[in-house]
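The values are calculated or read from the model by the stated rules, or taken from the named source; none is laboratory data. Since the model is a prediction, treat every value here as computed from it, not as a measurement. Heads up, the Cβs are rebuilt from the backbone with ideal geometry, glycines too, and the neighbour counts pull from every protein chain shown.
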Amino acid sequence: MEGLSVALKLACDKGIFNGVQIPGNGPIVSHLFYADDTLFIGEWSRSNLKNLACILRCFHISSGIKVNFYKSKVFGIGVDPTKTSNWANLLGCVPGELPFDYLGVPVGANMNLIKYWKPIIKKFHSKLSLWKAKSLLFGGRLTLIKSVLGNLPTYYLSLFCAPVGVIEELEKIRGTFLWGGCEDRKKIHWVSWDKVLAAKEDGG
């Protein structure tokens with residue numbers, strides 16, 4: 001895979017494959033590798049796609065590793081779906097549609113919409129089942145919230161700015177769990193949530 005990365009960088013330097021430049025004088029991105037997942041990013045042109053196919057063919061001949069095009073997808077940003085389908089057939093790939101999940105993150109989704117935050121809200125619910133609230137004392141519920149639930153949405157929040165409605169929903173779930181309740185059966189919140197979140201030196 002390191003050899004493929006070097007080959008793509010060389011192809012970009014010689015103008016054989018054109019990547020996409022990040023706005024604000026950012027770097028030119030042509031590919032992303034993670035474990036056995038590979039994401040090629042380039043300008044939407046027939047020559048670019050053909051040259052990528054040639055690079056992958058050379059990679060197969062030199063390394064013996066063959067790309068499974070039947071499991072690969074082609075995505076066209078702002079491109080007519082018919083054209084995407086035709087060009088995907090050029091490589092023997094499947095035409096893809098936006099948004100799609102990559103490493104657990106929706107790509108091409110409008111993250112200002114609450115519906116795309118449902119996976120993280122669902123994870124919160126799964127971690128905060130009623131039997132856990134019943135089986136843990138107050139200190140245990142507090143520890144669970146701090147050690148696990150406080151870190152659960154970090155991956156999403158490091159990439160996207162969450163809508164206010166999402167933050168309120170997550171805080172509501174945490175607050176309800178802390179006091180031993182659930183969605184169907186709520187218990188009295190003896191301390192305001194702002195006080196709970198405050199640092200201990202500030203009386204939290």
Check residue 35 against each of (1) closer than 15 Å to residue 77 by Cα; (2) at pLDDT below 85 and name the one condition it does not meet. (1)
For residue 73, work out the one condition from (1) surrounded by fewer than 13 Cβ atoms within 10 Å (Cβ to Cβ); (2) under 30 Å from residue 119 (Cβ atoms); (3) among the basic types (Lys, Arg) it doesn't fulfil. (1)
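Condition check ((1) out of contact with any helix residue (DSSP H, G or I) (no Cβ under 8 Å at 6 or more places or on another chain); (2) small (Gly, Ala, Ser); (3) modelled with pLDDT of 75 or more; (4) not assigned by TED's automatic domain parsing to the domain that holds residue 124) across all residues:
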site: 155; (1), (2), (3), (4): yes, no, yes, no
site: 158; (1), (2), (3), (4): yes, yes, yes, no
site: 163; (1), (2), (3), (4): no, no, yes, no
site: 172; (1), (2), (3), (4): yes, no, yes, no
site: 176; (1), (2), (3), (4): yes, no, yes, no
site: 183; (1), (2), (3), (4): no, no, no, no
site: 186; (1), (2), (3), (4): no, no, no, no
site: 192; (1), (2), (3), (4): yes, yes, yes, no
Residue ranges of helices (runs of 4 or more DSSP H) in the stretch 99-151 with at least 1 members within 15 Å of residue 163 (Cβ to Cβ) and more than 14 Å from the chain's Cα centre (by Cα): 118-127
Out of all the residues in the stretch 53-62, is one or more farther than 16 Å from residue 18 by Cα, surrounded by 12 or more Cβ atoms within 10 Å (Cβ to Cβ) and touching a Gly at 6+ places or on another chain (Cβ under 9 Å)? yes
Which one of the conditions (1) of a type in the set (A, V, I, L, M, F, W, C); (2) out of contact with any Ser or Thr (no Cβ under 7 Å at 6 or more places or on another chain); (3) at pLDDT 90 or above does residue 28 fail to meet, given that it meets all the rest? (3)
Enumerate the helices (runs of 4 or more DSSP H) found wholly within the stretch 1-93, keeping only those where 1 or more residues are among the basic types (Lys, Arg) and more than 23 Å from residue 107 (Cα to Cα). 2-13, 46-63
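Residue-by-condition table, conditions (1) more than 22 Å from the chain's Cα centre (by Cα); (2) farther than 20 Å from residue 90 by Cα:
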{"position": "7", "(1), (2)": "yes, yes"}
{"position": "14", "(1), (2)": "yes, yes"}
{"position": "28", "(1), (2)": "no, yes"}
{"position": "33", "(1), (2)": "no, yes"}
{"position": "42", "(1), (2)": "no, no"}
{"position": "48", "(1), (2)": "yes, no"}
{"position": "59", "(1), (2)": "yes, no"}
{"position": "64", "(1), (2)": "yes, yes"}
{"position": "68", "(1), (2)": "yes, no"}
For the stretch 136-145, state whether one or more residues are within 30 Å of residue 196 (Cα to Cα), aromatic (Phe, Trp, Tyr), in contact with a helix residue (DSSP H, G or I) (Cβ under 7 Å, 6 or more places away or on another chain) and at pLDDT below 85. no
